[in-house]
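Notes to accompany the following structure.
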Amino acid sequence: MKKLLLILVATWIGIHSVYSQEEKNDTIVIPSYPLTTHQAYQDGEMLVFGLSYGFVTGGKATLTVKDTIVNNIQTHHVVGRGVTVGIADVLYKIRDRYESFMDVNTNEPVKAVRSIREGRYRYYNEVEYNRDSSQVISKKSGIHNVQEGILDILSAFYFSRNHKFNDDLEKDEVIEYMTYFSDENFPLRIRYKGTEVIKTKFGKIECYKFFPVTEVGRSFKTEEDMQVWISRDKNRLPIRVRFDLAVGSFTCDLDEFKGLKHPFSSIKR
């Protein structure tokens, strides 16, 4: 039961721990910055998600953006939080927080924070990114050399909202990033599968559909057992994530939003 609840709450906040199976010392070529001038989000954006197993709501997740200055650099401060609610919170309390401070001009991370409280487990770390020397400085483990263009988990997603989730994608194209996570290089790969209109509480929404590259044989039976839908509009919002597992389907749905930079034009009236 605890494992199921953990998967449920980790849908957005800990998505990387479920689907990344590549060797952590892989090298991925990162395109030069910036790729486009599009800005999908702004200061004050807030997204709220409900995480459910069937009709049971087990958790909530939020993504917020607030502009701030870090190390004399103007940044977008993105915070992702995941918590258990209801009976899930009684059985296995989770209070996870991920933060990324991203340069407003390049979307590259300046600093990242990870704070984990899951049951009795506790973990906290801060990582600073030194672009001039291609190094990261971990509060826990010191200085590490990394490849140029490395991102953290949250900045990879927000970078994609600006530069990757768009009509230039071709079916079966794979988006790849190298991230720094848990004091290791951590590759992320997600495959584009076309567009789809899905039903939501807000109405029908036209979306880009993706399959994160998953590891068959552990949690998943096929490479398509995890699906992600991103709104096909200028906001490029995460609308839904679904895990199809042997025990059933876990779903993370956008439940509330405010402070969007653009009209929510992908909703079909």
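All of the numbers you see were taken from the coordinates with simple rules; none came from a lab. Keep in mind that what you see is a predicted model, and the values were worked out from it rather than measured. Neighbour counts run over all protein chains shown; Cβ positions are idealised from the backbone, glycine included.
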| request: Based on other C-beta atoms within 10 Å, arrange HIS77, HIS38 from fewest to most. | output: HIS38, HIS77
| Highest mean first, what order results for 143-153, 95-105 on Cβ atoms within 10 Å? | 95-105, 143-153
| Across LYS93/LYS140; LYS199/LYS261; LYS139/LYS193; LYS140/LYS193; LYS93/LYS234; LYS66/LYS268, pairs whose alpha-carbon gap is larger than 32 Å | LYS139/LYS193; LYS140/LYS193; LYS93/LYS234
